[in-house]
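The values are calculated or read from the model by the stated rules, or taken from the named source; none is laboratory data. None of these values were measured; they are calculated from a predicted model. Cβ placement follows ideal geometry from the backbone for every residue including glycine, while neighbour counts extend to all protein chains displayed. Keep in mind that these areas ignore ligands, DNA and RNA; they rest on the heavy atoms of the full protein, side chains included. Shrake-Rupley method; radii C 1.70, N 1.55, O 1.52, S 1.80 Å.
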Amino acid sequence: MSDFVGDYQAPSDLLKSKIILITGAGDGIGKTAAKTFAAHGATVILLGRTTPKLEAVYDEIEAAGGPQPAIFPMDLGAAKIEDFESLAEAIRNEFGRLDGLLHNAGLLGQRTPIGNYNFNTWQQVMQVNVNAAFGLTKAMLPLLEESEAGSVVFTSSSVGVKGRAYWGAYSVSKFATEGLMQVLADELEGVSNTRVNSLNPGATRTTMRATAYPAENPQSVTSAEDIMPTYLYLMGRDSNGISGKHFSAQKK
C-alpha cells in the first residue's frame, strides 16, 4: 500500500535554511530535485560520479538565485565506509548538521533472466543501490540527529514491491531498499526526530527509463519536474512525524 501526495502545493520557502544531500545529483531526477529544493530555499549538497555534471547543476542553481550549493564527487560503486565517514566529517565542519538525505542514485543492471544474470553486474547493482545507501545513511545519521526534523528518502520502485520477470538485481535491490527503510524507521520511532520513507517515482523521463524501455517515446513519459511535489512534501515540514511509509509520486 502506497501513499500519494502528488497534488501537494509547496510554499516557496518550504526548505529555507535546510541542508539536503542528494545522490545521483548530476542527472535526471537527482538534478531536478536539487534544483527544485534549492528553488525552495535549501542549500543542496550534490553527490555524483561525474564532476562536470555536478558543476553544471551547481551553475544552474546559482544562476537561478538559489543558495550556494556544495559538490562532493563520489563513485558509489567503489565507495567504502571510510569515504562516507569523510563526507560526514566534511558536512559537519561546513554545516554542522544535515536536514535531508535523498537516495536517488541507482543502477539498472541487466534486463535478463536470473539464470543468465552476470554475477559481477549483480554485485555492482547491489553495491550502488543497497550497500552504498546503507553506508551513507549510517554515516549521516549523527548529522541528521542534529536537525530539528531530519528526513531520509530512499528511492523505491514498483518492482521492489512486487517482483517482475527479467528485472533481476534491480528488482531485488529495491526489495532490499524497502527493508532497509522499514527497519531503520522502526528503530528510530519514538527515539528520534528523523523520519525515514521510501518513494517510487514511477515511470519518469530519464536515461535509466530509456535504457529499460528503448522503444518507448520519451515524450509519452512523465517529466521529472512533474513528480517533484512528493519530493518536496517528504523533505518539508508537512511530513514531520510521518515515517516508515512507501509513497508513490504518480497515481497508478
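Let me know the charge dipole size of the chain about its Cα centre in debye, to the nearest 20, where only the beta-carbon of Lys, Arg (+1) and Asp, Glu (-1) is charged.
Dipole of the chain, to the nearest 20 debye: 840 debye.
For Thr194, enumerate residues with amide H under 5 Å from its amide H, sequence gap 5+ or separate chain, H modeled in the peptide plane.
It is Gly150, by chain and number.
For the range 45-110, what is the largest minus smallest coordinate of the Cα atoms on each principal axis, given in angstrom and ordered from greatest to least?
Principal-axis extents of the Cα atoms in the range 45-110, largest first: 38, 31, 19 Å.
Divide by every residue of the chain the summed helix terms, -39500 (n - 2.57) for each DSSP H run of at least 4, and state the resulting mean residue ellipticity at 222 nm, rounded to the nearest 500 deg cm²/dmol.
The helix contribution divided over the chain gives -11500 deg cm²/dmol.
Please state the shape class of the range 107-230: rounded when a/c is under 1.5, otherwise prolate if a/b exceeds b/c and oblate if not, all from the C-alpha gyration tensor.
It is oblate, given that a/c is not under 1.5 and a/b is not larger than b/c.
P(r) tail for the range 4-133, what percent of Cα pairs lie past 17 Å?
61
Show the residues, 5+ positions off or on another chain, whose built amide H is closer than 5 Å to the amide H of Leu101.
Leu21, Ser151, Val152, Val153
Largest first, how would Arg195, Arg97 line up by accessible area (1.4 Å probe)?
From most exposed to least exposed: Arg97, Arg195.
Using amide H atoms built 1.01 Å from N in the peptide plane, name the residues 5+ places from Ile71, or on other chains, whose amide H lies under 5 Å from its own.
HN-HN under 5 Å from Ile71: Leu46.
How big is Rg to Rh over the chain, alpha-carbon atoms, Rh as the Kirkwood inverse-mean-distance radius?
On the Cα set of the chain, Rg over Rh gives 0.94.
Round to a whole number: what % of the accessible area of the chain belongs to carbon and sulfur, probe 1.4 Å?
Exposed carbon and sulfur together represent 49 percent of the surface.
Please compute the contact order of the chain in relative form: average sequence separation of alpha-carbon pairs under 8 Å and at least six residues apart, divided by the residue count, as a percent. Numbers along the way, then the final one.
On the way: 508 pairs, mean separation 58.1, N = 252.
For the chain, the relative contact order is 23 percent.
If you plug each phi of the range 239-250 into the Karplus form 6.51 cos²θ - 1.76 cosθ + 1.60 with θ = phi - 60°, what whole-Hz ³J(HN,Hα) values come out, in order, with x for Gly and Pro?
9, 3, x, 9, 8, x, 10, 9, 10, 10, 7, 10
Relative to the longest principal axis of the chain, what angle (0 to 90°, nearest 10) does the C-alpha long axis of helix 132-144 take?
20
Can you give the angle from 0 to 90° between the axis of helix 28-39 and the longest principal axis of the chain, with both taken from C-alpha atoms, to the nearest 10?
10
Could you size up the charge dipole of the range 106-243 around its Cα centre, putting +1 on the beta carbon of Lys and Arg and -1 on that of Asp and Glu, and report it in debye to the nearest 20?
Dipole size: approximately 620 debye.
Using the Cα gyration tensor of the range 1-51, with a ≥ b ≥ c the square roots of its eigenvalues, what is the shape: rounded (a/c below 1.5), prolate (a/b larger than b/c) or oblate (neither)?
Verdict is oblate for the range 1-51.
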